[in-house]
Each structure stands twice: as structure tokens, then as C-alpha cells.
1. Among 147-157, 67-77, 267-277, how do they line up from the highest to the lowest mean number of other beta-carbon atoms within 10 Å?
2. Would you mind checking the tilt of helix 368-378 against the longest principal axis of the Cα atoms of the chain, expressed as 0 to 90 degrees and rounded to 10?
3. Less than 13 Å apart at the alpha-carbon level, and either on another chain or at least 8 residues along: which aspartates and glutamates does that give for Lys613?
4. Can you order the peptides 116-127, 538-549 by their average number of other Cβ atoms within 10 Å per residue, highest first?
5. Taking amide H atoms as placed 1.01 Å from N in the peptide plane, list the residues 5 or more away in sequence, or in a different chain, whose amide H sits under 5 Å from that of Ser589.
6. To the nearest 20 Debye, how big is the dipole of the chain about its Cα centre, given +1 on the beta carbon of each Lys and Arg and -1 on that of each Asp and Glu?
7. When a/c reaches 1.5 or more, the comparison of a/b and b/c decides; with that in mind, is the chain rounded, prolate or oblate per its Cα gyration tensor?
8. Of the listed peptides 290-300, 355-365, what is their order by residue-averaged count of other C-beta atoms within 10 Å, with the highest listed first?
Amino acid sequence: MARNKQTTEKTKTVLKISSSKKKLIVIFCVAMSLFLILIVRLFYVSVCNGEEYSQKAQKQWTLNTSLRAQRGEIIDRSGNVLASSYTTYQVCVNPRAVTEDNREHVAYLLSTILELDYDTVAAKVAKTEYQQIKIKDQVEKETVELLSAQQFKKGVISFYSDVKRSYREGQLFSQLLGFTNVDGVGQTGLELTYNSMLAGVDGRQIVETDRDNTPIVNGREEYIAPIAGNNLYLTVDTGLQGYLESACEQAATINNATNVQGILMNPSTGEILAIATYPSFDPNNPPRTDATVLLEMSKNRVVTDTYEPGSTFKIVTLAAALDSGTVSLTNTFRCNGYLTVRGERIKCWKSGGHGNQTLTEAAENSCNCAFMSMALNMGTDVFYDYIYKFGFDTATGSGLMGETSGTVTHRKYIVDTDLARIGFGQSVSTTTMQLAAAASAAINGGNLMQPYIIDRVEDVNGNIILQNSPVVVRRVISEQTSEQVRQILQSVVENGSGKNAQVVGYTVGGKTGTAQKYEEDGSVSKSKLIASFVGFAPASNPQYLCIIVVNEPQVPVVYGSTVAAPFVQMVLQNALTYGGVAPDSTKSSRVVPDLTNMSVQDAINALNDVDLKAVYMEDELSAFVTRQSPPAGSLVVKGSTVILYTSWTTARGEDEQIQYVKMPDIIGKNRIDAFDALKKAGLVMDYEILQSQGVVSGTQYAEGTEIPYGSTVWVTFTYTPDD
């Protein structure tokens, strides 16, 4: 018994030891497992995600601030700063420094003073996982001072230096300069095209901070200074730009046009002195909320929009025909009102024709038949060689954003009817910039100059990075031919269709243009036209060349001579005086009287009394003048014309009460009788000016249809010439 008892006790002791060992083993295994897990976790944290956690840690005790580089200035040829940057501030909040019971108050103050949405600001203030969050960029100094006066708890609000773009001339140069976004990156215009040169290089400042975002004394600090952007010096002049933009605005307003574009350049060097599109906008406050409107207003139409130039292209035809020897100053032309080409009758703008005329007279009359003959006599290959040499179908390389090249149909597809139309500016499209360069080549001695807008680029220390100078692309015509072209175009202004461009004290040369437009389906528009004028002065030694293009003028008389030429005259007159160019003409001058509120007949008499002439709508002698061009007080050459606009040809205001009238029967009537019948009914007649001969063959509304009083009625004509 005793022995069995001892054995039992020994067994129990062994079992206890064995159980303890198992527990120790289990504990050891668990500890080792935890240790291994810890090692793996440490490896994962320190090696796999070490960089990420290190960055997070650094963010908790360092403040890393980007230092915005000063964007370069844009400066005109006279040293006037057009675009510059000034100091504003970036406002940030430190959510960790805001107590929970004070968050609503902080969010309210920030949203109210900074004019931001409260919920958006409150959400940022509540993000305590972040040490600092930006609330708003480009805050003005006065607003920062107001925020500082609110006595926020230390470390809650921080301010950092920022920059904002300023356009000192407001709407002047808006399409040329463009604008930047809130981050100072160019979005349109020169700001976008030369963004890399203007932007500079941002700097950075890194400092150690405490939990309240306050820099630690003697803490680590790193500073990388920003590098300022380069300055752009332009060829444009603020004074000349003002004259051009004013003329474009007046042309749009008086002619009720969709848009107007213009350019003023030095024809001998290719320097762009002024460039404008109306309507424009203020780049300090662009209409960002409407992308469509912003896109339309941002277009520099002088280089982006193409159109058929119409009769202004006759400058090219004339120069090519003279230079190729196809015609000379002694040539004569016969115009019967049309020219038959390959069995197709192509009309001149004057229904009855111009009869017999010299080359100079054909240019004065802008006779389509004469210029069709010149093109056909040159032939496709010769004429096309000149067209290409003048720079058409190729972008000019002006350096302006969005420049297009126009369209010239390849010569292999051209038949004689096409060639004839190209001779007077149809079946070819161009930009105003291309036309300006080509016209300059025709009158500057024969050299095609590359237009340019950037004179030079300088760094912040005044070192020249880029210097531009006049570039001759190629010789197009001889000096002798160019001199003949100048003489003929001077005669166009003094004796022909360009009389409205005459400038007191100076000789002026130029050419009118009225061109057709196309509908979206590619068909020729029956109501939309483009009127333009190319003018240069002084005629013998051109210092300035100006083109103004009026798109879709809504007035009864649409010719380049009435719609565009008077405004080119305004620009040239101001430019010549502004530039100190010596007068070269002694023609008598007259002051335009104020004709508003007079009847047309009385206005005609008043103009006759001062040796001036009137342009007015037929059968409006009893109507009253509401507008005139040039305006009262303008100084013009004796014998110049003044365009009269009356209440009968002025669009009805939207707020007037609508009355309905019945459409009269005008089928079979001639233009004058049809006009009288519609006018008597209170309606306005509209028609294709270039095809308004003969009798009415169709109308927009059937006889007896009730339509609003003052409505415009589209009318078509059929003309059967006498054989």
C-alpha cells in the first residue's frame, strides 16, 4: 500500500511538471508568434510603407509651403504694362487648433468674409486629420486685414503670399492677352501661348512647427527661392489699340453687326501695332460661368476665322496681273454686267455694267468682269503661283494662338468658272491676318513680311532671351509693280468706291470688299454678308495698313465702302496724327454737321451746303435720321459721303408692343415699288444685294399672311437681260 501510494504521488508530480512545461511551451509559442507578427509589422511599416509614414510624420511637425513665382509682365512697345501680377494671399485653416465647440463660429466667419459656401468651409474646418487646409487663393490685402481683426485663436488661421494677374487696360487687348486661371496658368491668348516663358519656377519653404502650426525656434528650416518669369515686350501700342477698338465697337453698333475684327500693322516690317475683335470682355473678370460665351469672346478672330474676302482680294489679282505682264496701265475692259465663262453667266455687282473702262477705272469701280478677265488671261498656273507667293493657304506664323491657314482649292480641281470667281475674291477663303500680310506685300515694295507680335523677351534682370526683327518671307512682286498698285489703290480712294476712307491732310489707298457667307449646310446665304475695307497711308510711303471686317451687318445698304471704310478712315486718321507722320495732301476739309432728327431731305441739303454727300436708303426722304457715319464734328475731306440711318431702317426694340399687318402682293414689282409697298404696310424688305435686279419672283410670306409690324421680309428677284 505504501509503495503504491508513493508511486501515485510520483505520477502526480510528473504530470504536474509535464502540464507546466506544456503551458510554458504554449506561452512561448504565443510570445514568439506575437514577436514574429510584431517583426513583420515593423518590417511592413518601416520598409514597405516607411516612406509614406515618414511623410505623414513630417507633415505633423513640418510646414511645407509652396512659394508662387512672380509671373512675367506683358508690356507694349511704349513701355506700358498691359499684364502684371501683384501680391495677394492664400488663406488656410488648421483644423487641429479649432476646438469642437468653436468650429461653427470659425466656419461662419471664414465663409462670410471670404464669400464662400458655409457647408464647404465647415467640412474643411472639421477635418482634424489634417494639420492645414487651404480655404481660398488670391485673397486681397483688405480682406486679410479684416480676417486678422477677428482675433482667431493662435494657429487657427494662416496666411501665405500669393499672386494675382492684373490687366491694367481692362478690355483693351482682351483676345490678344487672354487670361490665367486662379493658379496663374495661362488659359487663352499670349498668356497660354507663352505660358512657359511667363510662368517662372515656384519656390518652397519648409519649417518645423508645433501642434498649433507655429514655427519652432531654432527648428530646421529650408528655403528655395522662386524664380520670376520672363517679361514679354510686344509690338502693339496702347494708344493705337484704343483707336482700333473704338472703331470696331462703333462699326458693330452702327451696323448692328454680329462681330467686327480689325488689325493695324506696319506694312514694311510686319509689326502688328493693334489687333482687336468686338465684342470683347474684361480679362480681369472673364465670364467663366458660361463656357460657350467665354470661348466665343476669347477668339482672336483676326487669325482664327476664315471667310471669302470678296473684292479686297482684287488687290492680289491686280498685283499678279501687273507683275506677270498680263495687263498694263493702258489696258481697257468692257463690262456689260456679266461675263460668260464656259457657258455660265457670272454677274458683276452692277447690273447694267460699267461699260468701257481703263485698268484704273476698273479698280475704282471694283468691276468683277474686269478682274475675272485678268484671272482668266493669267491662267490657273500663273495666277496660282502668285496666290501661293502672297501667302494664302499657309498660316503667317504670327505667333498668335489658334491661327488658321484659310483654304485655296488645289489647282488641279480648278476650272475656268472657279478661276474667274477667285479673280474677284470668291471660291477662296482667308484670315484677316493673311490678307493684311498679302496687301502689305502688294504696297510695300513687293516683299511678303512675316507678321509678328513679340518684339523681345527679357528675364527679370533685363537680359534678352529672345529678340525678333522683321523677316522677309519672299519677294512676291517687283518694286515697280508695287508702285503701280499703290497708285491705282490711291485712285480707288480718291475717285472710286473707297472715297469714305479719305483722311484730311493725307493720301490714302485702299480697296472695298463685300463677300458672301455660307449656311451650315454649305449653301450660299441669302441674307448674310461680310463687308470689309483695306486701307493704307500715306499712299506713296505707307506707314500704316488697316483692315476692318464687319460680319453680318444688319443694315439696308451693305457695301465695304459704307459699312467698313468710314471706320478704317477713323483709325488711319488717328494713327497718322498719333504717330507724327507728316501730311502729304492739301485737299480741303469739312466738318460733318449734326444731322440727327432731321429728315433725310433736310440732311441732304445740309450736307450739300458744306460740300458733302449723303448715302441713304431709296425713298426715305421723309424719314428722320437716327444715326450717321461719320459722327457729327468729324473732320473729313471735301466731297466725302456721310451715311444716313433712319427710323425706317432701325430695328424695332424688343419692348415695343407687337402689332400684326397683312403681307401685300409684290410679285412682279421692281425693287423700288416692292420696297414702297412693304414700307407702306410697315414691313422691311431684305434681299441679296448682289442679285436685286429685275422683278420680284418670290417672297418669304404669301400674300395676306399676318406678320408682326416691322418684320423683315426676304424677297427674291428674277432678271431676264435683253439679248
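1. On the way: 147-157: 14.7, 67-77: 21.0, 267-277: 25.5.
Sorting 147-157, 67-77, 267-277 by mean packing, highest first, produces 267-277, 67-77, 147-157.
2. 80
3. Once the sequence-local aspartates and glutamates are set aside, what remains near Lys613 is Asp602.
4. Output ranking for 116-127, 538-549: 538-549, 116-127.
5. Residues meeting the criterion, in which the H sits 1.01 Å from N, are Lys638.
6. Details: 62 positive and 75 negative charges, 831 e Å.
For this selection, approximately 3980 debye.
7. Working: a/c = 2.57, a/b = 2.43, b/c = 1.06.
Here the chain falls in the prolate category.
8. Numbers: 290-300: 15.4, 355-365: 19.8.
Top to bottom by mean Cβ count within 10 Å: 355-365, 290-300.
Each value in this text was obtained by applying a stated rule to the coordinates, not by laboratory testing. On a predicted model such as this, the values are computed, not experimentally measured, just so you know. Every residue, glycine as well, gets a Cβ built from its backbone with ideal geometry; the counts of neighbours run over all protein chains shown.
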